[in-house]
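Colleague: Just dropping this structure here.
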Amino acid sequence: MKLGELAAQLGATLHGDREAEITGVAGIEEASAGQVTFVSNPRYASAAKTTRASAVLVTPDFPEITAHTLRLPNPYLAFAEAIALLHPAPAYPPGVHPTAVIDPSASIGTGAHIGAYVVIGAGVRIGDRAVLLPHVVIYPGVTAGHNFFAHAHSVVRENCLLSDNVILQNGVIVGGDGFGFAKRDDGSWQKIPQSGPVRIGNDVEIQANACIDRASVGATVIADGAKIDNLVQVGHGSSVGENTLLCAQVGLAGSTEVGRSVVLAGQVGVAGHCKIGDGAVATAQSGIPNDVPAGKVVSGYPAIDNRQWLRASAIFQRLPELFRRRFVRSQNESFSDQ
């Protein structure tokens, strides 16, 4: 692709040769001739002066450098768009593999690609341009919107509802039974039926081996634009707000309410029936046993204000030193009293 064409596709202002050939993308320190890279973090600004990349995506006020520059307000977003342009995803032509098993009562929209050994149950409704790759299983009564994309071995259980542009990566389970058991008088456990579905909004992506449990009553809800990372567990009856990020290995116990534009970093755990307010952030490995107000940044276990946690962590690392100093002081005071 010519650099001028790439600039036009991205809506960038080009400082450089429009005819330069761009063949790929790379990080700023690994890039070579023919590749485009980006700078969005000030820590890498100096690396732009020495990069071997042919072109660099930068903000409009970035200083001139040897490499050609593509200038626009959000270089990181533009880099994502450049990857899609230069390395397009595989195309899956319409058609049904002969090994697929589709119930006669199922309804599938136009332009669908149904891969090998896919199973689609009774009463399923799927919109236009769906892609279901090998070994996907869609249980009876599921509804999925347009542009549904299910990678190999993902499963959607009975009566779940998925809106438009939903992506399920490999091994995702939508609508597995929630972990609900009532204790009998003899100490054994009675399974509580999980009767409620999972409802997933528009533009949601759920990544590999994540599990979204169905509800015992009501529904488990994932709102528009939410992104759910690998190995995340969303417990039964929980709700996740619009544009929220649940990063790797996050666990939500049952009936957790997570607001809009929340970020739960890797390995955050949330106790059941907690409410996480809009815009809140929990840093990695935080444990949340109580509600978190909107806009709050919390860390640690039990999760507390991030700034307080940073001060406490600094003191914790100094505890052996502080103990030794106090011990020596007490010894000296003891000797002086004799």
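Please treat every number below as a calculation from the coordinates, not as lab data. What you see is a predicted model, and the numbers here were worked out from it, not measured in a lab. Glycine also receives a Cβ, built like all others from the backbone with ideal geometry; neighbour counts cover every protein chain displayed.
Colleague: Principal axis lengths of region 200-262 from Cα atoms, whole Å, largest first?
Modeller: 24, 20, 17
Colleague: Kirkwood Rh over Cα pairs of region 223-322 into Stokes-Einstein at 4 °C, 1.567 mPa s: D in µm²/s?
Modeller: After rounding, the answer is 96 µm²/s.
Colleague: Expected output is a single nm value to one decimal: the length gained when fully extending between Ala284 and Arg324, i.e. 0.36 nm times separation in residues minus the C-alpha distance. What is it?
Modeller: 11.3 nm
Colleague: Moving on to the next point. Hey, fewest Cβ within 10 Å first, where do Ser195, Ser163, Ser286 land in order?
Modeller: Ser195, Ser163, Ser286
Colleague: Would you be so kind as to identify which of Gly178, Cys211, Ser154 lies farthest towards the positive end of the dipole of region 142-217, taking Lys and Arg as +1 and Asp and Glu as -1 on Cβ and the Cα centre as origin?
Modeller: Going by the Cα projections, it comes out as Gly178.
Colleague: Turning to a different aspect of this structure: For region 154-302, compute the orientation-averaged projected area of the C-alpha convex hull (one quarter of its surface), in nm².
Modeller: Reported value for the Cα convex hull: 8.4 nm².
Colleague: Quick check on the exposure proxy: order Ile173, Ile276, Ile315, Ile192 from fewest to most C-beta atoms within 10 angstrom.
Modeller: Ile315, Ile192, Ile173, Ile276
Colleague: Could you work out the per residue convex hull volume over the alpha carbons of the chain, in cubic angstrom?
Modeller: Expressed per residue, the convex hull around the Cα atoms of the chain is 216 Å³.
Colleague: Using 7 Å Cα-to-Cβ label points, what is the Ala116/Asp128 separation (nm, one decimal)?
Modeller: Reported label-point gap for Ala116 and Asp128 is 3.1 nm.
Colleague: Among the lysines, select those whose C-alpha is under 25 Å from the C-alpha of Lys49, and discard any that sit fewer than 8 residues away in the same chain.
Modeller: Here the lysines satisfying the reach criterion relative to Lys49 are Lys2.
Colleague: I need to check one value: relative contact order of region 154-302, counting alpha carbon pairs closer than 8 Å and at least 6 residues apart, in percent.
Modeller: 14
Colleague: Output the antiparallel fraction of DSSP beta bridges having both residues in region 154-302, as a percent to the nearest 5.
Modeller: Counting DSSP beta bridges with both partners in region 154-302, the antiparallel share is about 10 percent.
Colleague: Give me the percent of Cα-Cα pairs in region 120-231 that sit more than 25 Å apart, rounded to a whole number.
Modeller: Counting every Cα pair in region 120-231, those more than 25 Å apart make up 20 percent.
Colleague: Express as a percent, rounded to the nearest 5, the fraction of DSSP beta bridges in the chain (both residues included) that run antiparallel.
Modeller: Among the beta bridges of the chain, antiparallel pairing accounts for roughly 15 percent.
Colleague: For region 144-206, what is the Kirkwood hydrodynamic radius in Å, using each pair of distinct C-alpha atoms?
Modeller: 13.2
Colleague: If you wrap region 35-81's Cα atoms in a convex hull and average its projection over all directions, what's the area in nm²?
Modeller: Its average projected convex-hull area is 2.9 nm².
Colleague: If you rank His15, His87 by fewest surrounding Cβ atoms within 10 Å, what's the result?
Modeller: Arranged by neighbour count, lowest to highest, His15, His87 become His87, His15.
Colleague: Considering all projection directions equally, how large on average is the shadow of the alpha-carbon convex hull of region 3-86, in square nanometres?
Modeller: Mean orientational projected area (region 3-86, Cα hull): 4.4 nm².
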